[in-house]
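The values are calculated or read from the model by the stated rules, or taken from the named source; none is laboratory data. Owing to the predicted nature of the structure, the values given are computational and were not obtained by experimental measurement. Side chains are part of the model used for accessible areas, which takes the heavy atoms of the whole protein and leaves out ligands, DNA and RNA. Shrake-Rupley method; radii C 1.70, N 1.55, O 1.52, S 1.80 Å.
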Amino acid sequence: MRSSGQSGTPASTPSCEDGRHPSHATPLICVVAAAGRSRRFGAADKRHARLKDGRRLLAASLAAAAELTPRRLVVLGPGESLADWDLAPSANLELLSLERPSDALGDSLSAAFRWLLQQRKQQRTELTAAAVWLGDMAWISAPTCRRLAASARADRLVRPRFHGQPGHPVIVGCDFWPEMTQLHGQDGARALLHRHRQALLEIDVDDPGVVRDLDTPQDPR
């Protein structure tokens, strides 16, 4: 695996990019996975949990994700709406609703990456990388987001690391999107990162937000 000072070795699969962009200009979207409800949080829906500043958790996470890229796709459960968080779809905030209820991260990600591939097939987008952002991660800093976004590439996987601990968001170049459509269960992209270790760029950051989430009502907000 590589640290922040080095580039990962290009993946062996052919690039999905028609023309290379400078790394800082790679068209990027953020997939915010927010369809599941945490059992550890009890009966309440943690996505509506209020933070110290009064914002609800999912709304705060979406705002933080906008520092990585304005373009966001939020994955919610069947029948759920952005209006539930006083938000509205826009050119930079799109909604993907799962067909069936699921708390499994893999199900949300596979649906999101199928949607992204369909957009590419229909030539509705020039996106070449997508960041996987968990819906309960509202504390990732803007400087961290800028560092990660600058490293995005079609043939690269990018992951932040805080004091040796892997974090989120994980940026997935479009060379790997077909594999992301095969995910299921709770493991997310872990197996893909292991398979393509040579393409993984890990960036050390002094930002505890990349490993901070809200799992129980007692967790700090």
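Among W139, W85, the sequence by solvent-accessible area, most first, with a 1.4 Å probe is W139, W85. Residues K121, K46, ordered by accessible area of protein heavy atoms at a 1.4 angstrom probe radius and largest first, appear as K121, K46. For H48, the accessible surface of its heavy atoms amounts to roughly 60 Å² (probe 1.4 Å, protein chains only, rounded to the nearest 10). For segment 132-189, the equivalent ellipsoid derived from the alpha-carbon gyration tensor has semi-axes of 20, 15, 10 Å in decreasing order. Scattering from the C-alpha atoms of segment 72-221 alone, worked out with Debye: what is log10 I(q)/I(0) at q = 0.12, 0.14, 0.19 1/Å? Taking Cα atoms of segment 72-221 as identical point scatterers yields -0.53, -0.73, -1.38. Note on E94: accessible area approximately 70 square angstrom, rounded to 10, probe 1.4 Å, nucleic acids and ligands left out.
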